[in-house]
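Have a look at this one.
Please treat every number below as a calculation from the coordinates, not as lab data. Only a predicted model underlies this, so the values are computations on that prediction, with no experimental measurement involved. As a convention, Cβ positions derive from the backbone with ideal geometry for all residues, glycine included, and neighbour counts pool all protein chains shown.
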Amino acid sequence: MGNRKQIADREYSVELVSPICKYEDIEKIQEMVRKLREAGAFSNKSCGIHIHINAAPFEAYQLRNLVNIVAAKENMIYKALQVDSDRERRYCKKIDTDFLEKLNKQKPKTKSGIQKLWYKGSDGSHQHYHDSRYHCLNLHSVFQKGTIEFRAFNGSLHAGKMKAYLQFCMAITAQAYNQRSASPIKTVSENEKYTFRVWLLRLGLIGDEFKTARKHLLDHLEGNIAWKSPEQAEAQKERLRKKREVELSDSQEETIETQNNDMAIDEQEEESPAFTMSMNQ
């Protein structure tokens, strides 16, 4: 009351759940985040952002695509998102290797087939807090409520980051939905920033509309964003150097040719004066 400040503890912690939204609602979500921050809301390192995508249109092979895409890129995803180590151990684990191996060996034709593999034979879909939910890519949510859940994002009240995370999840699920297949082989790169940027572009996050998303998703990765390797960068520098040399040489030749033309004109003018004088004897 007055100028007195009340210290917030766990009694004041809340979970904010949005209604079902569409892509066009992202700006409204951003505005909501800004209002919360202006009102004094904050998030700490124990908080996380969970994003749900409708799983109803997905067939079994598309869910397998999704699992494989995330499995292949998850090491770079965790670095890009700076996933807190405690959250990684407890609330957003990486994809279970046993599940991944069986999924790609058996290739279930139905969602129920994937469900059996996810729960290791038993059915935990009726338990809201089933242990299997605590993964970066949570398929328990698919079988329990019909949504694909992404849990890797650290808590934030940054509207730009929120937009980037939403676009990222929608792009990954769109790729999984549209591709015929996907490989689970881990992506290894000596230049993670370049490799991740290329992947973002392949996901469709290209152009000014997704400029903010690329920025936030690439900020924390190391490497050269423009060139895959130092050798490529040096090769391009050499190409530019040779190009400048050719342009300079061409420019000098044009200058010399122009000077020669000017001299020829001057000589012609001296040999053909504008008028002549003669004396009659």
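Amide H neighbours of ASN154 under 5 Å, counting only residues 5+ apart in sequence or on other chains, H built in-plane at 1.01 Å?
Amide H to amide H, under 5 Å and 5 or more residues apart or across chains, ASN154 pairs with ILE49.
Same structure again: Would you order ASP123, ASP96 from fewest to most other beta-carbon atoms within 10 Å of each residue's own beta-carbon?
Least crowded to most crowded, the residues run ASP123, ASP96.
Can you check what the net charge comes to around ALA226, using other residues whose Cβ is under 10 Å from the Cβ of ALA226 (Lys, Arg +1; Asp, Glu -1)?
Combined, the nearby Lys, Arg, Asp and Glu give +3.
Oh, and also: Between LEU248 and GLU31, 0.36 nm times their residue separation minus their Cα-Cα distance comes to what?
72.8 nm
Taking the Cβ of ARG133 as the center, what net charge do the other residues with Cβ under 9 Å away carry, scoring Lys and Arg +1 and Asp and Glu -1?
Counting the neighbours of ARG133, the net charge comes to -1.
With charges only on Cβ, +1 for K and R and -1 for D and E, what is the dipole size of region 68-179 about its Cα centre, in debye, rounded to 20?
The dipole magnitude comes to about 200 debye.
Give me ARG180, ARG87 sorted ascending by neighbouring Cβ count inside 10 Å, so fewest comes first.
The order, fewest Cβ neighbours first, is ARG180, ARG87.
Which net charge results for the neighbourhood of GLN144, defined as the other residues with beta-carbon distances under 12 angstrom from its beta-carbon, given Lys and Arg at +1 and Asp and Glu at -1? Kindly include the intermediate steps, with their values, before the conclusion.
Numbers: positive: ARG133, LYS145; negative: ASP123, GLU149.
In short, 0.
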